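The values are calculated or read from the model by the stated rules, or taken from the named source; none is laboratory data. Since this is a predicted model, take the numbers as computed values, not measurements. Here the Cβ positions follow ideal geometry from the backbone for every residue, glycine too, while neighbour counts run over all protein chains shown. Each accessible area value is taken on the protein alone, full model and side chains, heavy atoms only, with ligands, DNA and RNA left out. Shrake-Rupley method; radii C 1.70, N 1.55, O 1.52, S 1.80 Å.
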Amino acid sequence: MAPPNPTPPYPRLLRATSLLDTPFALIDEEALWANAGDLVRRAGGVPIRLATKSIRVRSIIKNALTLDGFRGVMTYSLSESVWLADQGVDDILLAYPSVEREAYAELVADERRLASITVMVDSLEALDFIESVVGKDHPPIRVCLDVDSSLRVLGAHLGAHRSPVHTGREAKRVAAAITARPGFDLVGLMFYDAQIAGLPDGGPAIALVKRRSAAELRRRRRKIVKAVRSMTDLQIVNAGGTGSLDLWRDDPSVTEMAAGSGLFVPTLFDDYRAFTPRPAAFFALSVVRKPSRDAATCFGGGYIASGPAGKSRVPTPVWPEGLEHYPAEGAGEVQSPLRGKVARTLSIGDRVLFRHAKAGEMCERFDRVALVDAAGHASLTPTYRGEGKNFG
């Protein structure tokens, strides 16, 4: 496990960024790279493909790829993939099927992009769409088949609703059709276990689901990989996420694992027991009102995370300790009123640090992030948004 912070980093982070106007995002580099090292340790020698949707800062992505243990990126948009390839990233796995017509045209127009990017498909209809955009005489496109990794028990679907390909028979049928189709090279399989990697640890029921799902997926994946390897040269068998690296590092059918959120550590990762990461990503807001003695209102802050609407998707004030949102108002579009006895110590212009519920989504709110090193020096680097990129 990553060692806990010896002292709270918040005063150091605020001192380093005291000259910046709020709102702004900041990254504690000491925690960031400690988390990266812990991900590599947990992966046990299996290469980690960096999930860019959980970062969305190109300089951090670039620096992470220089570390031993990280190899390639997992993108969330085809246009993002093309852009990163043009910026020199040469091992790109697109994690989701795409219908971006312009990006497909850009992909097939450049040999370097074609060599660097592997697109995701989960049906033959996806291939039909690609051919409808670029024609049937396109150069070979590298593709990866997304295999649904959810657990299905007694009619229940436990996990993300992703690929329609679930059973070994379905996977073999689709894989055979892809390998027989001119213009497409099946080079990979993807197995994302959302019900394990993305599910915080809880009581005995959750532990049972995770154990049962892991055992079922391990058996099913082994059979699918063996069958598909008989049809094509599989270069990629991708599995896992930040929450399940420990589970798959000894699975011989897996060639790599994916992780990204474990670098920033948003609040949704606070309840995992298998590891103890260090929160590295924050944003700062300023107090602009004092509506009462025990209240302080900050400007901005309504940065709600995706997923099921509820308290778990709301940003959390972490410094000074003891603040909370008003249930009737929450994190607001323009202002976020907070309450707590510690609010008595806050004055107009004072700053409050927050953590986002998810990782990369925070960066969609800011043009740049402040990187604060262990010595308390801050430097600014652009986010995707700051580079004029919005990939959805």
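Sort 131, 364, 321 by heavy-atom solvent-accessible area, probe 1.4 angstrom, most to least.
The most accessible residue leads, giving 321, 364, 131.
Report, in debye and to the nearest 20, how large the dipole of the stretch 154-203 comes out about its Cα centre when Lys and Arg carry +1 and Asp and Glu carry -1 on their Cβ.
On the way: 5 positive and 4 negative charges, 62 e Å.
With Lys and Arg at +1 and Asp and Glu at -1, about 300 debye.
Tell me, what is the 1.4 Å probe accessible area of residue 62, in Å² to the nearest 10?
Accessible area, nearest 10 Å²: 140 Å².
If you add up the charges near residue 267, with Lys and Arg at +1 and Asp and Glu at -1, over every other residue whose beta carbon is less than 11 angstrom from its beta carbon, what do you get?
+2
Any idea what the dipole of the chain comes to, in debye rounded to 20, about its Cα centre with Lys/Arg Cβ at +1 and Asp/Glu Cβ at -1?
Using only the charged Cβ atoms, the result is roughly 1180 debye.
Of the cross-linked pairs 62/358; 290/358; 136/226; 172/210, which ones have a Cα-Cα span greater than 23 Å in the structure shown?
Violating the 23 Å limit, Cα to Cα: 290/358; 136/226; 172/210.
Over the stretch 200-246, with the other protein chains present, what is the accessible area per residue in square angstrom, probe 1.4 angstrom?
48 Å²
Compute the signed sum of charges (Lys and Arg +1, Asp and Glu -1) over the other residues within less than 13 Å, Cβ to Cβ, of residue 18.
+1
Of all accessible surface on the stretch 136-185 at a 1.4 Å probe, what whole percent is carbon and sulfur? Write out the running numbers ahead of the final one.
Details: 1380 of 2540 Å².
So the carbon and sulfur contribution to the accessible surface is 54 percent.
Could you state how much accessible area residue 345 has, in square angstrom rounded to the nearest 10, with a 1.4 Å probe and all protein chains kept in place?
Counting only protein heavy atoms, residue 345 exposes about 100 Å² to solvent.
Using only Cα atoms and rounding to the nearest 10 degrees, what angle (0 to 90) does helix 29-43 make with the longest principal axis of the chain?
Its long axis makes an angle of about 30 degrees.
Which angle from 0 to 90°, rounded to the nearest 10, does the C-alpha axis of helix 168-179 make with the longest principal axis of the chain?
In the chain, helix 168-179 runs at an angle near 70 degrees to the longest axis.
Calculate the dipole size of the stretch 237-392 relative to its Cα centre from +1 charges on Lys and Arg beta carbons and -1 charges on Asp and Glu beta carbons; express the result in debye to the nearest 20.
Result for the stretch 237-392 is approximately 660 debye, rounded to the nearest 20.
Check cross-link reach from residue 389 to the aspartates and glutamates: straight Cα distance under 14 Å, and skip same-chain residues fewer than eight apart.
Residue 389 reaches 80, 86, 361, 364, 367.
For residue 176 and residue 102, what does the FRET efficiency come to when R0 = 35 Å and r is the distance between their Cβ atoms, rounded to the nearest 0.05?
After rounding to 0.05, the efficiency reads 0.65.
So what's the angle, to the nearest 10 degrees on a 0 to 90 scale, between helix 124-134 and the longest Cα principal axis of the chain?
Approximately 80 degrees, to the nearest 10.
In deg cm²/dmol, rounded to 500, what helix-only [θ] at 222 nm does the chain give when every DSSP H run of at least 4 residues adds -39500 (n - 2.57) and the total is split over its residues?
On the way: 12 runs with 113 residues, N = 392.
My calculation for the chain gives -8500 deg cm²/dmol from helical runs alone.
I need the calculated FRET efficiency for the pair residue 211 and residue 68, taking r as the beta carbon distance and R₀ as 45 Å, to the nearest 0.05.
That gives a FRET efficiency of 0.90.
For the chain, what proportion of DSSP beta bridges, expressed in % and rounded to the nearest 5, is antiparallel? Present the calculation step by step, with values, prior to reporting the outcome.
Working: 28 of 59 bridges.
In the chain, DSSP labels about 45 percent of beta bridges as antiparallel.
From the residues 168, 207, 231, which one has its Cα farthest along the dipole of the chain in the positive direction, the dipole being from +1 and -1 charges on Cβ of Lys/Arg and Asp/Glu about the Cα centre?
207
Tally Lys/Arg at +1 and Asp/Glu at -1 over every other residue whose Cβ is under 13 Å from the Cβ of residue 318; what's the total?
-1
Given a 1.4 Å probe and the protein chains all in place, what does the accessible area of residue 351 round to, in Å² to the nearest 10?
50 Å²
For 99, 265, 342, what's the largest-to-smallest order of accessible area, 1.4 Å probe?
Descending order: 99, 342, 265.
Going from most exposed to least, what order do 125, 29 have by accessible area with a 1.4 Å probe?
If we order 125, 29 from most to least accessible, we get 125, 29.
Show which aspartates and glutamates lie in cross-link reach of residue 341 when reach means a straight Cα distance below 20 angstrom and same-chain residues fewer than eight apart are skipped.
294, 321, 324, 329, 350
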